[in-house]
Amino acid sequence: MEFLYRSSANISDSDLIELNELLVDYKAHLVRVANRGGYEDKESSINLPVDEVLLRDVLAASEAKSERALKYIIVIGIGGSNLGTKAIYDSLYGFFDQFEPDRFPKVLFADTNDPKTITKLTDFLITHIQDPSEFVVNSISKSGGTTETIANTEFIVGALRERFGDTVYERMVVTSDAGSPLWTSAVERGITTLSIPKNVGGRFSVFSSVGLFPLALLGLDVRALREGARAMRKRCLSEPIQTNPAMLSAIILFSHLKKGKTINDNFIFHPELESLGKWYRQLMGESIGKEKDWDGNIVHTGITPRVSIGSTDLHSVGQLYLGGPQDKTTTFIYTKRVASTTLMPRRRLFPDLIESLHDKSLDQIMRAILEGTKIAYLKNKLPFMEVILPDISEYSLGEFLQFKMIEMMYLGSLLRVNAFDQPNVELYKIETKRILEEEMS
Ligand code: PA5
């Protein structure tokens with residue numbers, strides 16, 4: 001994976017050295033966390049890709065639930081409990097499900113409690129599934145008490161039980177903190193459980209059983225995913241600032257934030273990576289969007305993450321980005337790997353329209369749009385970074401996800417905030433539960 005920074009308003013070398021100094025101690029801390037191994041530290045998620053016991057347990061559970069007839073893996077979870085899995089699934093398969101209706105297994109995601117979606121999902125399952133071997137339900141909640149996940153589990157499993165009886169339990173896996181309310185209830189009913197290591201929060205959990213189990217069951221190469229993550233962990237913990245993608249990116253975002261660039265737009269030039277952008281949106285939003293710094297001072301800090309798709313969104317928000325407020329940094333994300341060498345048909349329908357399209361492939365056309373966009377950004381003095389993936393594979397997705405999680409740790413340290421909690425979201429959860437409880441009486 002290549003990481004580049006382009007801007008007509010470059011960060012000076014002296015700024016870079018000064019900001020690098022702020023990260024020296026934190027980088028040393030991350031190295032200690034990695035050397036110590038295990039899950040004692042807030043940053044311990046960096047140890048997931050080297051945890052062999054975790055891999056063994058996940059592969060054993062996946063083998064136990066795997067069936068030749070398997071068609072649907074129903075992932076029930078929200079936020080950090082499903083966004084990483086969805087990012088990887090959509091990047092490799094999910095986005096193309098509309099064109100590949102006969103490729104199985106497929107993953108079906110249930111996160112919010114939208115009545116129409118969940119009703120359509122349960123109707124679909126009970127009409128399309130003939131035998132329990134055709135599905136696995138993976139209910140995922142670290143806390144084991146999230147309203148959306150518990151409610152969706154009840155509706156979906158309830159519908160399947162009406163059709164197939166209690167054998168449904170044998171086709172379930174619950175992923176949660178060992179000892180959580182969900183975990184305990186699952187164990188009581190003989191349902192398979194997978195644990196999430198302590199100190200690994202939802203948005204940092206994609207390389208734990210949260211992401212690995214459904215992806216392994218799907219048949220994805222989770223070993224390659226972990227290899228990519230391991231290679232990136234090494235880069236981000238050992239390389240100097242100039243070649244360290246996580247440190248450099250954190251420093252660029254931080255220094256532009258100080259200059260009023262409060263938005264980071266992830267401009268992704270492959271539509272199948274949109275969910276990857278949404279995964280990052282949550283990672284950035286929850287990790288550094290904070291009311292208080294780590295000394296308890298009110299700071300109301302954060303960078304607002306955005307996801308744009310090229311070239312679609314050039315025709316939607318391109319005008320705003322190029323001509324509107326200069327309050328954004330942009331991260332262009334793309335791969336140079338050619339996806340199709342097919343050229344424009346020789347016998348064109350409208351040969352006189354855009355003559356320069358003659359003999360061009362779709363890759364060439366997209367490349368011209370991307371390069372044209374970057375030139376327009378440079379001409380407008382809009383700073384941008386580039387993340388160039390070698391391809392879209394398990395390995396490079398592993399690299400990207402690990403890069404961004406470590407970037408967020410460095411950014412939290414620069415902003416002096418706890419990147420691992422989400423105290424302000426708790427309020428809505430408490431209020432929701434209170435309203436539901438009031439309606440009981
Ligand atoms: O990243 C996080 O910690 C959150 O987004 C959680 O994943 C989300 O709130 C769901 O929580 P839980 O996994 O406890 O159901």
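The values are calculated or read from the model by the stated rules, or taken from the named source; none is laboratory data. Owing to the predicted nature of the structure, the values given are computational and were not obtained by experimental measurement. Positions of Cβ are generated from backbone atoms using ideal geometry, with glycine treated the same way; all protein chains shown enter the neighbour counts. Surface accessibility is based on the protein's heavy atoms, side chains included, excluding ligands, DNA and RNA. Shrake-Rupley method; radii C 1.70, N 1.55, O 1.52, S 1.80 Å.
What to note about this one:
- When nucleic acids and ligands are ignored and a 1.4 Å probe is applied, residue 316 ends up with an accessible area of around 80 Å².
- DSSP beta bridge pairing in the chain, given as percent antiparallel to the nearest 5: 20 percent
- Counting only lysines at least 8 places from residue 336 when in the same chain, those with an alpha carbon closer than 19 Å to its own are 360, 374.
- Contour minus Cα-Cα distance for residue 435 and residue 166 (0.36 nm per residue): 93.7 nm
- Largest to smallest accessible area among 73, 435, 150 [probe 1.4 Å]: 435, 150, 73
- Distance in nm between pseudo-label sites at residue 123 and residue 31 (7 Å out along the Cβ direction from Cα): 6.0 nm
- Choice from 205, 139, 340 showing the highest fluctuation, given a GNM over the chain with Cα pairs closer than 10 Å: 340
- Across the alpha-carbon set of the chain, the Rg to Rh ratio works out to 0.98, Rh being the Kirkwood radius.
- Residue 128 - accessible surface, heavy atoms, 1.4 Å probe, Å² rounded to 10: 90 Å²
- Dividing the helix sum by the residues of the chain, where each DSSP H run of 4 or more adds -39500 (n - 2.57), gives a mean residue ellipticity at 222 nm of -15000 deg cm²/dmol.
- The accessible surface of the chain, taken with every protein chain in place and a 1.4 Å probe, is 54 percent carbon and sulfur.
- Unit charges on C-beta of K, R, D, E only; dipole of the stretch 357-415, Debye: 400 debye
- Fluctuation leader among 68, 416, 161 - the chain, Gaussian network, Cα springs under 10 angstrom: 68
- Among 163, 348, 36, the largest mean-square fluctuation in a Gaussian network model of the chain, built with springs joining Cα atoms closer than 10 Å, belongs to 348.
- Basic side chains Lys and Arg get +1 at the Cβ, acidic Asp and Glu get -1 at the Cβ, and with that the dipole of the chain about its Cα centre reaches some 860 debye.
- The listed residues 109, 99 rank as 99, 109 when sorted by accessible area, largest first, using a 1.4 Å probe.
- Summed residue charge, Cβ within 12 Å of residue 179's Cβ, Lys/Arg positive, Asp/Glu negative: +1
- Solvent-accessible area per residue for the chain (1.4 angstrom probe, square angstrom): 46 Å²
- Kirkwood Rh, Cα atoms: Rg over Rh of the stretch 44-220: 0.93
- q = 0.11, 0.14 Å⁻¹, the stretch 129-244: log10 I(q)/I(0) [Debye, one scatterer per Cα]: -0.46, -0.67
- Ranking by accessible area, most exposed first, for 183, 294, 279 with a 1.4 Å probe: 294, 183, 279
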